[in-house]
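A short worksheet on the structure shown next.
The values are calculated or read from the model by the stated rules, or taken from the named source; none is laboratory data. For clarity, every value in this text was computed on a predicted model and none was experimentally measured. Glycine gets a Cβ as well: all are built from the backbone with ideal geometry, and neighbour counts include every protein chain shown.
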Amino acid sequence: MRVFVTGGSGFIGSAVVRDLLRAGHSVLGLARSAASAAVLEAAGAQSHPGSLEDLDSLRAAAVRTDAVIHTAFDNSNLLRFPWNSRVERSALQAIGDVLAGSGRPIVAAAGFAPVVAAGPVFTELDPCSPSAGPVGRNVERTMMRLADRGVNASVVRMPCVHGTGDRFTIPRFIDIARKNGKSGYVGDGSNRWPAVHNVDAAQVFRLAMERGVTGSRYHAVAEEGVPYKSVAEIIGRRLGVPAVGMSPRAARRHFGLYAAYARGDGPASSMLTREQLDWTPEGTTLLADIDRPEYFGL
């Protein structure tokens, strides 16, 4: 299949591109800059100039390909999330207009934040909230609406993703600890983060594209829940600073915009995803992976 990938030069998307190529697919990657195009072409993909804001470019790429995998999102500034979410929503709707009724699949990266859990552990059967939420992003709601319109749409819910090239979750918490001279966690730090290596996550996107069912929700979750205190302790040891438990109020000052993430407790199962897609994650665990000098610029 010829697959159009958005975000193909990014942390998750680049792993998706490599996995697709290894599986024998060809890739057309969205490139918003010459640097992004160079990364895609070095990997063996063809670049397609454009951006999520350029709807004509997105439609043209969707017309030329057999499937779409969407991993692009600008998460560099949490304050811009509402605007970036509107851009993403319009992009997905434009691509959906091209794919409607064709049977050609689109698989998009989604988060757990808007999901409403029916039990103590998130499962693939739990629906997302009908609300866009305070930051405006609810990819799953957009994709399920596309499925209702006759688009072969599905989502891959993403937990804490780690691996070589990580620039978001763990690096942000490392920077916070370095800046404050301590590695914080909230309360006793028993809140849990589900996690996955980016190489394992990439396989879920490909398998969902190849075998997925319209309207499905898949979980790229290798570890159901890693206690955040364990993460904080590794960060502290690597930086040579203490790992410190904090009250919720102190944590808001320490973590700033990332306080909700730091205290979040959201264990998630991937049992159905493993069964339906025949997926078996084999990558390094979160704690083993982040306990590497590369994560700390060493």
Restricting to the range 196-241, and then to whatever is over 28 Å from LEU146 (Cβ atoms) and among the small types (Gly, Ala, Ser), can you tell me which residue is surrounded by the most Cβ atoms within 10 Å (Cβ to Cβ)? ALA232
What do you reckon, is THR273 buried (at least 17 other Cβ atoms within 10 Å of the Cβ), within 30 Å of VAL3 (Cβ to Cβ) and not hydrophobic (A, V, I, L, M, F, W, C)? yes
Can you name the residue in the range 31-86 that is of a type in the set (A, V, I, L, M, F, W, C) and in contact with a Pro (Cβ under 8 Å, 6 or more places away or on another chain) and is also farthest from ASN152 (Cα to Cα) among such residues? ALA37
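Residues checked against (1) of a type in the set (D, E, K, R); (2) touching a residue at least 60 places away in the same chain (Cβ under 8 Å); (3) farther than 16 Å from MET209 by Cβ:
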{"residue": "MET1", "(1), (2), (3)": "no, yes, no"}
{"residue": "LEU21", "(1), (2), (3)": "no, no, no"}
{"residue": "GLY50", "(1), (2), (3)": "no, no, yes"}
{"residue": "HIS70", "(1), (2), (3)": "no, yes, no"}
{"residue": "ARG80", "(1), (2), (3)": "yes, no, yes"}
{"residue": "TRP83", "(1), (2), (3)": "no, no, yes"}
{"residue": "ALA91", "(1), (2), (3)": "no, yes, yes"}
{"residue": "GLY103", "(1), (2), (3)": "no, no, no"}
Go through the range 18-72 and give me each residue that's of a type in the set (Val, Ile, Thr) and within 22 Å of the chain's Cα centre (by Cα). VAL27, VAL39, VAL68, ILE69, THR71
Given the condition assigned to a loop (DSSP other than H, G, I, E, B) and surrounded by 24 or more Cβ atoms within 10 Å (Cβ to Cβ), answer yes or no: does some residue in the range 151-166 qualify? yes
State whether the residues of the range 167-181 include one that is surrounded by fewer than 22 Cβ atoms within 10 Å (Cβ to Cβ), within 14 Å of the chain's Cα centre (by Cα) and farther than 18 Å from ALA260 by Cβ. yes
If you go through SER14, SER26, the only one that is of a type in the set (Ser, Thr, Tyr) and surrounded by fewer than 21 Cβ atoms within 10 Å (Cβ to Cβ) is SER26
Of all the helices (runs of 4 or more DSSP H) wholly in the range 184-298, which have at least 1 residues that are at pLDDT 95 or above and farther than 30 Å from VAL68 by Cα? 228-239, 248-255, 259-263, 286-290
Within the range 61-92, residues part of a helix (DSSP H, G or I), out of contact with any Phe, Trp or Tyr (no Cβ under 7 Å at 6 or more places or on another chain) and either buried (at least 16 other Cβ atoms within 10 Å of the Cβ) or charged (D, E, K, R) (or both) come out as ARG80, PHE81, SER85, ARG86, VAL87, ARG89, ALA91, LEU92
